[in-house]
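Notes for the one structure printed next.
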Amino acid sequence: MPVPSRSKPLRIALMGTRGVPARYGGFETAVEEVGQRLVARGHEVVVYCRSGKGTQRQAEYRGMKLVHLPSLRTRSLETLSHTALSVGHLFFRRADVAIVFNSANSPWLPVVRAAGVPVATHVDGLEWKRAKWGPVGKRYYRIAESLAVRWSDALIADAAGIQDYYRAEFGVESTYLAYGAPILEGHAADRLSELDLTPGNYHLVVARFEPENHVHVVVEGFVHSGASLPLVVVGSAPYSDGYTQHVISLGDERVRFVGGLWDQELLDQLYANARIYWHGHSVGGTNPSLLRAMGAGTATNAFDVNFNREVLGLNGEYFTDAADIPALVHAAEASESETLLRGKKVQSDALAYDWDRVAEGYERLCRELADRRGGKGRRSGAFPLIETT
């Protein structure tokens, strides 16, 4: 954990996510991991959280101050409506710096800056490529990207591939701040019996059920393989009942759908004791689930896209469609020793993704933004690239 900073403490607002505790995706994981470390360095961190059914309204979590605000419970407006209320709250409860997650929230950036608060936007992956958005949604995200470039004081990218995209598409630089990888030492397995599993004797998928995460591809390919070990599929998704049913319909008796799991201890044991982790994500930049599997020392087969190759490199195996999967299944089950060796290699690679270093990068960026507070002519690309992994 970082040591307290010797410089003047900042009041930092983190908004645009579901909030903490992290129970959903990469943004929430980043807010929790980075936010608590900024607190440890002496800063006041305010996290805007979505309230709703089943939400615990804590005033504080791991030193972060939480503000709970509602949202419209529809896929297209949930994020934008909650951020609108968050920005309204911030307008009257000023911060030194704001970090807005998700370029979809860019229409509210002028309000943040009108409040005299410099703002960085974490642009995430190529959201407009997600299949869940129709033509209007895709068009909106393309516009939102351009607005984030125009109205942010800085952009944050969690992958070199995202940096390349914004450089090529808009001619701007961004600050590279990847996620961290929790390194799991030792392989506790006492909870696996709850799912009738034994160490090293199952394949694993952990993903939100969305087409661009290719859960359907993994399941379809697995079913057409000669696998003797089961495939455990962890995940669900709001607003995706049709896709979820399609994925389930592709399975056979070897595929076990366990739904969403929020028990981190059990999840860690699932990651650490799988024969192979199958990672189908394709549009979201550096993915926390991939890093968690690597940090657990689990060999990984990933969808062949630049974001995954950037992280896994030569120590990963890759697939592009269901037809590629049976051979990879056979290789994993035929040579347990080779698979274990691959796992050790990716765990070594995961050491480069350290949350303490990531938090230091966020702190440096926040300080630079705060120092330029009130400056004129600010725009994305005005800040130097910070290489932090």
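When restricted to residues that are of a type in the set (A, V, I, L, M), closer than 13 Å to residue 30 by Cα and in a loop (DSSP other than H, G, I, E, B), the stretch 346-362 contains 0. Scanning the stretch 70-90 for residues that are polar (S, T, N, Q) and either open to solvent by 50 Å² or more (accessible area, probe 1.4 Å) or assigned to a helix (DSSP H, G or I) (or both) yields 74, 76, 79, 81, 83, 86. Are any of the residues in the stretch 141-151 over 23 Å from the mean Cα position of the chain (by Cα) and in a loop (DSSP other than H, G, I, E, B)? Scanning the stretch 141-151 turns up no residue that is over 23 Å from the mean Cα position of the chain (by Cα) and in a loop (DSSP other than H, G, I, E, B). Across the stretch 145-202, what is the number of residues that are in contact with a Ser or Thr (Cβ under 8 Å, 6 or more places away or on another chain), loosely packed, with under 15 Cβ neighbours inside 10 Å and of a type in the set (S, T, N, Q)? Residues that pass the stated criteria total 0. Selection within the stretch 64-90: residues that are small (Gly, Ala, Ser) and out of contact with any strand residue (DSSP E or B) (no Cβ under 7 Å at 6 or more places or on another chain). The member of this set that is modelled with the lowest pLDDT is 76.
Of all residues in the stretch 113-140, exactly one satisfies the criterion of being open to solvent by less than 10 Å² (accessible area, probe 1.4 Å), of a type outside the set (A, V, I, L, M, F, W, C), assigned to a loop (DSSP other than H, G, I, E, B) and modelled with pLDDT of 90 or more, namely 118.
Residue 106 satisfies every condition listed in (1) buried (at least 23 other Cβ atoms within 10 Å of the Cβ); (2) within 30 Å of residue 264 (Cα to Cα) except (2). Scanning the stretch 91-106 for residues that are over 16 Å from residue 124 (Cβ atoms) and either modelled with pLDDT under 95 or part of a helix (DSSP H, G or I) (or both) yields 91, 92, 93, 94.
Taken over the stretch 289-314, residues that are touching a Ser or Thr at 6+ places or on another chain (Cβ under 8 Å) and either closer than 21 Å to residue 268 by Cβ or among the acidic types (Asp, Glu) (or both) amount to 8. Residue 92 meets each of the listed conditions (1) of a type in the set (A, V, I, L, M, F, W, C); (2) touching a Cys at 6+ places or on another chain (Cβ under 7 Å); (3) free of Cβ contacts under 8 Å to residues at least 24 places away in the same chain apart from (2).
Restricting to the stretch 49-63, what's the tally of residues that are under 15 Å from residue 36 (Cβ atoms) and at pLDDT below 95? Qualifying residue count for the region: 1. Within the stretch 268-284, residues that are closer than 10 Å to residue 188 by Cα reach partners that are of a type in the set (S, T, N, Q) and open to solvent by 10 Å² or more (accessible area, probe 1.4 Å) with beta carbons closer than 9 Å, at six or more positions or on different chains, in the pairs 273/198; 273/201. From the list 173, 220, 185, 210, the one residue that fits, being at pLDDT below 95 and either among the hydrophobic types (A, V, I, L, M, F, W, C) or more than 17 Å from the chain's Cα centre (by Cα) (or both), is 185.
Just one of the listed residues (373, 357) is basic (Lys, Arg), more than 17 Å from residue 156 (Cβ to Cβ) and either surrounded by fewer than 19 Cβ atoms within 10 Å (Cβ to Cβ) or modelled with pLDDT of 95 or more (or both), namely 373.
Is it the case that the stretch 219-241 has a residue that's assigned to a helix (DSSP H, G or I) and under 24 Å from residue 75 (Cα atoms)? Yes, because at least one residue in the stretch 219-241 is assigned to a helix (DSSP H, G or I) and under 24 Å from residue 75 (Cα atoms). Only one entry in 62, 75 is over 18 Å from residue 22 (Cβ atoms) and touching a residue at least 12 places away in the same chain (Cβ under 8 Å), namely 75. The single residue among 36, 56 that is polar (S, T, N, Q) and either in a loop (DSSP other than H, G, I, E, B) or touching a His at 6+ places or on another chain (Cβ under 9 Å) (or both) turns out to be 56.
Just one of the listed residues (346, 255) is β-branched (Val, Ile, Thr) and under 15 Å from residue 234 (Cα atoms), namely 255. Here is the figure for the stretch 273-294: residues that are over 18 Å from residue 208 (Cβ atoms) and surrounded by 24 or more Cβ atoms within 10 Å (Cβ to Cβ) total 3.
State all residues of the stretch 295-319 that are at positive phi and buried (at least 18 other Cβ atoms within 10 Å of the Cβ); if no residue qualifies, say none. Once the filter is applied, which keeps residues that are at positive phi and buried (at least 18 other Cβ atoms within 10 Å of the Cβ), the stretch 295-319 yields only 297.
The values are calculated or read from the model by the stated rules, or taken from the named source; none is laboratory data. Every value quoted in this text rests on a predicted model; they were computed, and no experiment measured them. Here the Cβ is made from the backbone with ideal geometry for all residues, glycine too, and neighbour counts use every protein chain on show. These area figures cover heavy atoms from the full protein model, side chains too; ligands, DNA and RNA do not enter into them. Shrake-Rupley method; radii C 1.70, N 1.55, O 1.52, S 1.80 Å.
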